Amino acid sequence: MDIGFQKTIVFLFFIFIGILLKSKFKSKEEISGIKKIILNLALPATIFIALLGIKVEPHLLILPLLALGLNLLLFLAMPFILPVMGIGRGTPEFRTAKLLVPSLAPGLSSFPFILEFLGEDYLAKAAMSDLGNKVFVLFFLYLVAMNWHYGLQSNGKKNEGKKLGPLIRAMVSEPVNIFIGVALVLLAFGMSMDSLPFFLSETLEKLSLIMTPLVLLFIGLAVKIKRKQFFQIFSLLCTRAGLVLLISGIFILISGIQAQNEILLILAFGLSACSFWPYAHIAAVDSMEMEVEPQKKTFSSSFGVAVLALSFPLSTMLILAVLNSGSFFEHSYTILLVALLLLAIGLSIPLCIGLNKKWSIQRIVGYKLKSATENA
């Protein structure tokens with residue numbers, strides 16, 4: 001059994017442990033405590049280390065731009081895809097999905113397999129590509145989340161000046177943003193983790209180590225997926241995977257890439273699971289809306305956890321299938337065919353559910369009409 005697959009089992013096992021521990025956590029406040037440790041300690045330390053570990057290679061600068069382009073294309077596609085999935089515009093679930101689905105978490109999902117199947121050189125390229133994704137999830141999506149929050153909770157007032165003040169205060173007061181700011185300043189002066197005093201770098205590294213286990217345990221503890229929601233999210237994630245392969249296939253066709261490992265890298269990176277970092281923005285907004293009714297909130301935290309919980313295993317299976325495919329994806333038309341297949345699966349599920357619901361309603365109406373006729 002290869003090491004990448006074993007790492008995946010470990011990650012899934014942490015989620016399973018979280019599910020088993022649900023009975024030990026009697027209140028939402030207890031689970032919320034774990035979330036606060038993640039958002040205020042583990043996540044800032046992890047981002048700080050990741051930013052100071054950036055090694056910009058000039059000949060690979062196109063890769064972050066390509067990854068950022070993929071993020072933006074998925075973000076722009078969501079308003080058209082989500083209503084088809086039965087997620088209505090203007091709902092907390094709509095905004096949650098629009099924030100989460102375009103994000104990528106290659107560190108948790110694709111990096112272990114890229115290293116195992118393609119080697120260190122391709123892992124370096126994937127890490128370079130992730131810089132564009134980091135800009136998207138840390139900065140762009142944070143601004144989007146806060147803009148939605150202040151736009152919805154300002155009683156319909158269009159005073160941008162009044163919205164800008166709270167947005168700036170929120171950005172400055174968040175631990176994650178403080179750590180990002182300090183890391184960028186140190187990076188500008190050419191500093192790295194090795195430049196920091198030992199006690200400080202060691203503290204940050206120890207805090208970062210608890211990030212992945214805590215996030216996976218939190219997902220297991222917080223996830224509550226209903227049957228209808230499961231099919232809805234599964235179809236959404238299949239459609240996401242189909243879009244990723246469609247965009248990747250078109251790019252490979254236009255650019256003329258023929259190297260098999262390069263193609264596998266593009267596909268595996270794009271199929272990464274949804275990132276936890278946008279969920280951190282959702283949680284930050286949620287903490288500012290404690291008194292707001294669930295229907296009027298900006299995001300649905302529970303829906304976000306469900307998306308993360310299903311995204312990880314599905315992405316893992318797709319990435320493993322791609323990397324074990326040999327020369328199957330050597331030609332762009334094969335990628336496009338698989339993309340269309342995934343899109344068909346993703347779009348057919350809500351269609352079947354809708355037809356089944358319509359048929360059930362017609363059957364009930366027919367039964368009532370028949371009963372009324374017999375009693376007349």
By residue number, the members of segment 209-259 that are of a type in the set (Ser, Thr, Tyr), in contact (Cβ under 8 Å) with a residue 60 or more places away in the chain and either out of contact with any Phe, Trp or Tyr (no Cβ under 9 Å at 6 or more places or on another chain) or surrounded by 21 or more Cβ atoms within 10 Å (Cβ to Cβ) (or both) are SER235, THR239, SER248
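Looking for whichever is within 23 Å of LEU271 (Cβ to Cβ) and either in contact with a helix residue (DSSP H, G or I) (Cβ under 9 Å, 6 or more places away or on another chain) or not aliphatic (A, V, I, L, M) (or both) here; the options are ILE62, ILE81. Which one fits?
Numbers: ILE62 fails: either in contact with a helix residue (DSSP H, G or I) (Cβ under 9 Å, 6 or more places away or on another chain) or not aliphatic (A, V, I, L, M) (or both).
Matching residue, one of ILE62, ILE81: ILE81.
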Filtering segment 260-279 down to residues that are at pLDDT 90 or above, hydrophobic (A, V, I, L, M, F, W, C) and assigned to a helix (DSSP H, G or I), which residue is surrounded by the fewest Cβ atoms within 10 Å (Cβ to Cβ)?
ILE263
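When you check SER311 against the structure, is it under 19 Å from MET85 (Cα atoms), buried (at least 22 other Cβ atoms within 10 Å of the Cβ) and within 19 Å of the chain's Cα centre (by Cα), yes or no? Give the steps one after another, and end with the answer.
Numbers: under 19 Å from MET85 (Cα atoms): yes; buried (at least 22 other Cβ atoms within 10 Å of the Cβ): yes; within 19 Å of the chain's Cα centre (by Cα): yes.
Criteria met by SER311.
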For segment 293-314, state whether one or more residues are outside any helix (DSSP H, G or I) and modelled with pLDDT under 85.
yes
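Counting just the residues of segment 84-115 that are of a type in the set (Val, Ile, Thr) and not in a loop (DSSP other than H, G, I, E, B), which one comes out nearest to LEU66 (Cα to Cα)?
Going residue by residue through segment 84-115, those that are of a type in the set (Val, Ile, Thr) are 84, 87, 91, 96, 101, 114.
The next check asks that each one be not in a loop (DSSP other than H, G, I, E, B); those that pass are 84, 96, 114.
Numbers: VAL84: 27, THR96: 24, ILE114: 18 Å.
By that ranking, first place goes to ILE114.
What number of residues in segment 46-71 are assigned to a helix (DSSP H, G or I), more than 30 Å from ILE353 (Cβ to Cβ) and touching a residue at least 12 places away in the same chain (Cβ under 8 Å)? Let's see the steps before the verdict.
We begin by selecting, within segment 46-71, every residue assigned to a helix (DSSP H, G or I); these are 46-52, 58-60, 62-71.
This time we only want the ones that are more than 30 Å from ILE353 (Cβ to Cβ), so: 46-52, 58-60, 62-69.
Right, trim to touching a residue at least 12 places away in the same chain (Cβ under 8 Å) and you get 46-52, 60, 63-69.
Summing the residues that are assigned to a helix (DSSP H, G or I), more than 30 Å from ILE353 (Cβ to Cβ) and touching a residue at least 12 places away in the same chain (Cβ under 8 Å) in segment 46-71 gives 15.
Got a sec? Which of ILE345, ILE282, ILE335, ILE319 is assigned to a helix (DSSP H, G or I), farther than 19 Å from THR239 by Cβ, at pLDDT 90 or above and under 26 Å from the mean Cα position of the chain (by Cα)? Step through it out loud before you land on a result.
On the way: ILE345 fails: farther than 19 Å from THR239 by Cβ; ILE335 fails: farther than 19 Å from THR239 by Cβ; ILE319 fails: farther than 19 Å from THR239 by Cβ.
Exactly one of ILE345, ILE282, ILE335, ILE319 is assigned to a helix (DSSP H, G or I), farther than 19 Å from THR239 by Cβ, at pLDDT 90 or above and under 26 Å from the mean Cα position of the chain (by Cα), namely ILE282.
Condition test on ILE233, is it at pLDDT 90 or above, closer than 25 Å to LEU21 by Cβ and among the hydrophobic types (A, V, I, L, M, F, W, C)? Give the derivation first.
Numbers: at pLDDT 90 or above: yes; closer than 25 Å to LEU21 by Cβ: yes; among the hydrophobic types (A, V, I, L, M, F, W, C): yes.
In short, yes.
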Give me a count of the residues in segment 185-195 that are touching a residue at least 24 places away in the same chain (Cβ under 8 Å) and in a loop (DSSP other than H, G, I, E, B).
2
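The values are calculated or read from the model by the stated rules, or taken from the named source; none is laboratory data. Because the structure is predicted, anything quoted here is derived from the model rather than measured. Heads up, the Cβs are rebuilt from the backbone with ideal geometry, glycines too, and the neighbour counts pull from every protein chain shown.
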